[in-house]
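Have a look at the structure below before the remarks.
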Amino acid sequence: MRKPLEGVKVIELATFIAAATAGRFLADLGAEVIKIESPKGDPLRYTAPSEGRPLDMYENTTWELENANKTCISLNLKDEKGKEAFFKLLDGADILITNWRVQALERAGLDYDTLKEKYPSLVYAMCTGYGEFGPDKDLPGFDFTAYFARGGYLETLRQKDARPMNVIPGLGDHNVGMNLAAGILAALYQAKTTGRGEKVTTSLFESAIFNMGMMVQAAQYKGIGKTYPIDVREADNPFNTAWLTSDGRYIQTCMPDYNTYYNKFMAAIGREDLVDNENYFPVQNMQAKNLGTEVYDIVTEAMNKKTVLEWKEILTDADIPFSVAQSWEEILEDEQAWANNCFHKMTYDNGNERTLVCLPVNFAEMGKPEYNRGPLIGEHGPEILKSIGYSDEEIEELIDRKVLYVWDDMDNKFK
Ligand SMILES: CC(C)(COP(=O)(O)OP(=O)(O)OC[C@H]1O[C@@H](n2cnc3c(N)ncnc32)[C@H](O)[C@@H]1OP(=O)(O)O)[C@@H](O)C(=O)NCCC(=O)NCCS
């Protein structure tokens, strides 16, 4: 089956996760994505210990997640010959994805203004930490900082008086990468139909603000809503929270329109006596009398009397929107996730079988993309250079000059 992006060539000059996610998505859709790395490789190759995994270049689940279906060439771009090879690669490319900081791109002569002269139809896609402009445009950014902290997650999504939540890697980055991919695809359409390229940018910070948009906007209405962080008992809508069950699990319910659900929910939790209660219904009465905490306590008491399995049955029967708060281990076994192609089973050369997560966008005609593990450092360098006209002798010379690095069991070298 033909894939939507077959024939599209992407050069990915990117490290870590966010920008690489965009490249991974395009690769799954059939684009040829060539990742360019330094000889030591992307720092993401070495993050296993922070994620509670063994450091192993040959079994690197995070690396697959961000870089499956790509090829890799390791070129020293600070060498003139390396830069020359880079430009030859770019000659045939439709898209360049980068997350280098703008000042590094400028130092290397790879900034947009320089490249657009030479490559007018190129889609130049850039991920920054804090955006292209403003006083902090040059700062290093990661999702822990630019997205979770500055983007408002840490300060608002915590229980009042508690410390900020534990953040985990990749969460913000994946969102940013898919935003970038959306922009790239529109710009690619334009480039293919008009011959005009475009610079597409997003940042960790901007993506976080967009995600937070509803509440950032609502925060202007001072004195009406609550100032976050709030105590969960004091939420404006007490039905949008997580309830502790008798066996120690949390069930999150969501009833954005309190009034639509109030009677149904009260009946489901065994409080038929509170149906149509004028203190708690409609929401305007409950809020005017400031009785949200009472509603919270009533539901808490009820939810605490039954197990998670009992509640699953009751809430499903009552058609109340809910989900059990799952652990990562449970997600790996979730039948619903398997039914929707969320996972791929990979057997590594060492015999280990691991479950890898797939991208969350499905194409009915294309079907599920194949899953080729992420490339080793410089694994495809010689064949990539051959495809753009380099001879065996020229390639050998680049290897000898240490401009081109080709994978050679680095397990011990970088431990
Ligand atoms: C991630 C980040 C903090 C890393 O910062 P950094 O390690 O200081 O790297 P920079 O992006 O500033 O610069 C890249 C450097 O690597 C060099 N480099 C990268 N690949 C190279 C190669 N193949 N050959 C030679 N040099 C290479 C660049 O030339 C540049 O070096 P210089 O500073 O000497 O000019 C930064 O790139 C950033 O903020 N990016 C935007 C946000 C982002 O994507 N964050 C990660 C989210 S997962």
If I build a Gaussian network model for the chain, linking alpha-carbon pairs within less than 10 angstrom, which residue out of Q217, Q252, Q326 has the largest mean-square fluctuation? Q217
Just list whichever of K289/K312; K3/K83; K9/K78 have alpha carbons separated by over 28 Å in the model shown. K289/K312; K3/K83
Would you mind checking the tilt of helix 308-317 against the longest principal axis of the Cα atoms of the chain, expressed as 0 to 90 degrees and rounded to 10? 80
Helix 80-91 versus the longest principal axis of the chain: what angle, 0 to 90°, nearest 10, using Cα atoms? 60
Looking at the calculated P(r) for region 250-324, what percent of the C-alpha pair distances fall above 17 Å? 41
For a quick check: sort C127, C254, C72, C358 by the number of other beta carbons within 10 angstrom, fewest at the front. C254, C358, C72, C127
One would report the Cα pair-distance distribution of region 156-259, bin width 10 Å, in %, as 11, 27, 30, 18, 10, 3, 0
Region 5-60 - Debye-derived log10 I(q)/I(0), Cα point model, q = 0.16 Å⁻¹: -0.56
So in the chain, what percent of DSSP beta bridges are antiparallel if you round to the nearest 5? 35
Show the residues, 5+ positions off or on another chain, whose built amide H is closer than 5 Å to the amide H of V200. Y124, A125, M126
Among the lysines, which fall within straight-line cross-link reach of K81, defined as a Cα-Cα distance under 16 Å, with same-chain neighbours fewer than 8 residues apart omitted? K386, K402
Any chance you could give the angle, 0 to 90 degrees and rounded to 10, that helix 258-268 forms with the longest Cα principal axis of the chain? 70
Got a sec? How would Y221, Y348, Y405, Y119 order by Cβ neighbour count within 10 Å, fewest to most? Y221, Y348, Y119, Y405
Cα-Cα pairs of the chain separated by more than 31 Å (percent): 50
Given R₀ = 25 Å, what would the calculated FRET efficiency be for D161 paired with Q220, taking r from the Cβ atoms and rounding to 0.05? 0.50
Can you tell which of F210, F86, F148 shows the greatest fluctuation in a Gaussian network model of the chain with Cα springs below 10 Å? F210
Please find, in a Gaussian network model of the chain (springs between Cα atoms separated by less than 10 Å), the residue of P135, P238, P382 whose mean-square fluctuation is greatest. P135
Express the Stokes-Einstein translational diffusion coefficient of region 325-388 in µm² s⁻¹, to the nearest whole number, given a Kirkwood radius over alpha-carbon pairs, 10 °C and a viscosity of 1.306 mPa s. 109
Give, in nm to one decimal, the length gained when the segment between L244 and M1 is fully stretched (0.36 nm per residue of separation minus the Cα-Cα distance). 82.7 nm
Evaluate the distance, in nm, between pseudo-label points positioned 7 Å from the Cα of E383 and of E329 along their respective Cα→Cβ axes. 4.0
Restricting to Cα pairs under 8 Å and 6 or more apart, the percent relative contact order of region 159-204 works out to 38
Using a cut-off of 14 Å between beta-carbons, work out the net charge of the residues near R401 (Lys and Arg +1, Asp and Glu -1, R401 not included). -4
Sum up the charges of everything whose Cβ sits under 12 Å from the Cβ of N175, counting Lys and Arg as +1 and Asp and Glu as -1, but leave N175 out. -3
Taking Cα pairs closer than 8 Å and at least 6 residues apart, the relative contact order of the chain in percent is 20
CD proxy, 222 nm, the chain: helix-only mean residue ellipticity via -39,500 (n - 2.57) per DSSP H run with n ≥ 4, per residue, nearest 500, stands at -10000 deg cm²/dmol
When E59, E365 are ordered from fewest to most other Cβ atoms inside 10 Å of their Cβ, what list results? E365, E59
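Where a number appears in this text, it was derived from the coordinates with a stated rule and is not lab data. Keep in mind it's a predicted model, so treat the numbers as computed, not measured. Positions of Cβ are backbone-derived with ideal geometry, glycine not excepted, and every protein chain shown enters the neighbour counts.
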